[in-house]
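Below is one structure; the comments refer to it alone.
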Amino acid sequence: MVREIVVLGSASQAPTRTRNHNGYFLRWDDEGVLFDPGEGTQRQMLFAGVAASSVTRICITHFHGDHCLGLPGVLQRLSLDRVARPVPVAFPASGDVYIDRLRHASSFYDRLDLRLQPVHAGLSDEEPVTVEDVGRWTLRAAALRHSVETVGWRMEEHNGRTMLPERLAEAGVAGPDVGRLQLEGAITVEGRRVTLDEMSVERRGQVVAFVMDTGWCDGALALAEGADLLVCEATFASAEADLAAAYGHLTAAEAGRLAAEAGARRLLLTHFSQRYPDVGPLVDEAASSFSGEVVAAADLARVAVPPRRTG
Ligand SMILES: [Zn+2]
């Protein structure tokens, strides 16, 4: 099963010759979550090899144009491709007027079964709210600090257990008994009781956090907590910290500090201002406070979710 982020666009307010407006596709087993489709997302998906039919869910952080103006095209494409299953669209609740306009931006034969999921999350909330829990994973959201209501996202796999083949062999557990042990927690083999705890170690579920336009805030930290992959805006370098503060954005250095404080593993920087043709210095800034891996988003790049940690 593949778990990765496909970068569809990595520019902020204005696209450049090398960076499309925002857009990110999270491939997560058979789920495909499209985050913040900016203008041009439909065509970027084509270049990136992301079929419209693989979009199973859409999440929008806020309704500034660079994060949502690609939505009409994507929705009409889903309809054109006769995607029959329901497609949930989650967004900050106060943006319902924009969702309605984007949905009906122009005339098309509407076959869509969209399920609107307005998210109510406040800056004073203690922890992220649950948007969807499908059993294997949970999608959560938390309020971010920006000039309009904004929420970030956290895709969280539930913890599981990894079986230890050597211990199973020693205990004589094989074949269908392994499945029975996983299901029942303890079984009896040749008169001896064998427990799942002895035969396995805890396997931490994978976490992908998505922190877009925001100033420093508790919500961003809560979303990023222990994330295997943190996708984070880094609109400005520290030299422009005053601009970042004025417009509710993070500097690259703050993105690095966020990753470090949250204990994230891989940091994917994105949402770059057009003023930086070379984002190398932004990566260096983030890396100065974060010892994990820092990657700068490039359009059409695929960035894997690091393998699960065990124990
Ligand atoms: Zn933006």
Ala244 more than 15 Å from the chain's Cα centre (by Cα) and in a helix (DSSP H, G or I): yes
Restricting the range 93-103 to residues that are over 16 Å from Pro37 (Cα atoms) and not hydroxyl-bearing (Ser, Thr, Tyr), which is farthest from the chain's Cα centre (by Cα)? Val97
Report yes if Val87 is in contact with a Ser or Thr (Cβ under 9 Å, 6 or more places away or on another chain), touching a residue at least 40 places away in the same chain (Cβ under 8 Å), closer than 23 Å to Glu31 by Cα and assigned by TED's automatic domain parsing to the domain that holds Ala245, otherwise no. no
Out of everything in the range 1-13 that is over 15 Å from Gly70 (Cβ atoms) and of a type in the set (A, V, I, L, M, F, W, C), what residue ends up being nearest to the ligand (Cβ to nearest atom)? Ile5
Does Val97 satisfy being more than 16 Å from the ligand (Cβ to nearest atom), surrounded by 15 or more Cβ atoms within 10 Å (Cβ to Cβ) and not acidic (Asp, Glu)? no
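Give the range 74-94 a look and list any residue that's part of a helix (DSSP H, G or I) and loosely packed, with under 13 Cβ neighbours inside 10 Å, or say none.
Residue satisfying the conditions is Leu80 alone.
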If you go through the range 58-73 one residue at a time, how many are away from the ligand (no atom under 12 Å from the Cβ) and surrounded by 22 or more Cβ atoms within 10 Å (Cβ to Cβ)? 4
Looking across the range 74-92 at residues that are aliphatic (A, V, I, L, M) and more than 19 Å from the chain's Cα centre (by Cα), the single one that is farthest from the ligand (Cβ to nearest atom) is Ala84
Only one of (1) more than 15 Å from the chain's Cα centre (by Cα); (2) surrounded by fewer than 19 Cβ atoms within 10 Å (Cβ to Cβ); (3) part of a loop (DSSP other than H, G, I, E, B) does not apply to Gly226, and that is (1)
Residue by residue through the range 30-50, note down the ones that are touching a strand residue (DSSP E or B) at 6+ places or on another chain (Cβ under 7 Å) and closer than 25 Å to Val207 by Cβ. Glu31, Gly32, Val33, Leu34, Phe35, Asp36, Pro37, Gly38, Thr41, Met45, Ala48, Val50
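Let's see how each residue does on (1) within 16 Å of the ligand (Cβ to nearest atom); (2) modelled with pLDDT under 95; (3) surrounded by fewer than 20 Cβ atoms within 10 Å (Cβ to Cβ):
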residue: Gly185; (1), (2), (3): no, yes, yes
residue: Arg192; (1), (2), (3): no, yes, yes
residue: Asp197; (1), (2), (3): no, yes, yes
residue: Val207; (1), (2), (3): no, no, no
residue: Asp218; (1), (2), (3): no, no, yes
residue: Leu221; (1), (2), (3): no, no, yes
residue: Cys232; (1), (2), (3): yes, no, no
residue: Ala239; (1), (2), (3): no, yes, yes
residue: Glu254; (1), (2), (3): yes, no, no
Within the range 261-285, tally of residues that are within 16 Å of the ligand (Cβ to nearest atom) and either in a helix (DSSP H, G or I) or among the hydrophobic types (A, V, I, L, M, F, W, C) (or both): 5
Filter the range 21-42 down to the residues that are surrounded by 24 or more Cβ atoms within 10 Å (Cβ to Cβ) and assigned to a loop (DSSP other than H, G, I, E, B), then identify the one that is farthest from the ligand (Cβ to nearest atom). Pro37
For the range 178-193, what are the residues that are in contact with a Lys or Arg (Cβ under 9 Å, 6 or more places away or on another chain) and either outside any strand (DSSP E or B) or of a type in the set (Val, Ile, Thr) (or both)? Gln182, Ile187
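The values are calculated or read from the model by the stated rules, or taken from the named source; none is laboratory data. Every value quoted in this text rests on a predicted model; they were computed, and no experiment measured them. All Cβ positions, glycine included, derive from the backbone under ideal geometry; neighbour counts span all protein chains shown.
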